[in-house]
Amino acid sequence: MSEVFFQERFVKIEHNTDQNWVEVVWYSYQNADQLKSGMDKVLELLSKKSLSKIFMDMRAIQGTFTDANDWIAKEWIPTANKAGFRYGVLTCSDDVFTKFATNDLIKKIGTSQIKIFCNMEQGKAWLAAQ
C-alpha cells in the first residue's frame, strides 16, 4: 500500500507503507528547479517518516538533468544521509540523455548507497534486502 505525499505534473512521491520506503516516479522532461523541488519533497518525507530507503522510477524521464547533479551530490546526499538515508535504487530510462545524466550522477556520488537497475522487480528486491 502507498500513501501519496506529493504530486505534480513532473513527479509523484509516495510512502510505500508495505516496504517502508520512499517511492518516486519522475515524468517527462526535468529542469533543475523541478528536480530540486522534487528531491526536497523526498527529503521531507524521508525525515518525517524516519525512512532510510528510496526507490526512484526514472523510466519516464526524458532529457538531461546534469545541471542538478552537483547539487544532488554535494548538498542533497549529505543532508539526506544526516536524515537517515542509507540505500536507493534508480531505474533505467531508455532516453539516451537521461542515461548520460544518471551515469554522471552515479560518478559523482558513487555506488555504495545507490544502485541502477533496468528491471524494476530486481531493483525492489535488492532494496528490500538492504
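Tabulated data
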| quantity | calculated |
| --- | --- |
| Dimensions (Å) - region 14-86, Cα atoms, principal axes, largest first | 31, 25, 16 |
| Selection from Met56, Phe5, Gly110, by position along the positive dipole direction of the chain (Cβ) | Gly110 |
| Inter-part distance where region 11-27 and region 56-84 are each reduced to a Cα centre, Å | 15 Å |
| Surface per residue (accessible, 1.4 Å probe) for the chain, Å² | 52 Å² |
| Lys, Arg +1 and Asp, Glu -1 on Cβ, resulting dipole of the chain about Cα centre, debye, nearest 20 | 380 debye |
| q = 0.16, 0.23 Å⁻¹, the chain: log10 I(q)/I(0) [Debye, one scatterer per Cα] | -0.72, -1.77 |
| Label-reachable residues, region 51-84, where backbone N falls under 17 Å from a point 7 Å from Phe100's Cα toward its Cβ | 61-70 |
| Within the accessible area of region 58-98 (1.4 Å probe), percent carbon and sulfur | 51 percent |
| Helical contribution to [θ] at 222 nm, DSSP H n ≥ 4, -39,500 (n - 2.57), averaged over the chain, rounded to 500 | -11500 deg cm²/dmol |
| FRET efficiency, Thr66 to Glu44 (Cβ-Cβ, R0 25 Å, nearest 0.05) | 0.55 |
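The values are calculated or read from the model by the stated rules, or taken from the named source; none is laboratory data. Since the structure is predicted, the reported quantities are computational estimates derived from the model, not experimental observations. FYI the Cβ positions are ideal-geometry reconstructions off the backbone, even for glycines, and counts take in every protein chain you see. To get the accessible areas, we keep the full protein, side chains included, count just its heavy atoms, and leave off ligands, DNA and RNA. Shrake-Rupley method; radii C 1.70, N 1.55, O 1.52, S 1.80 Å.
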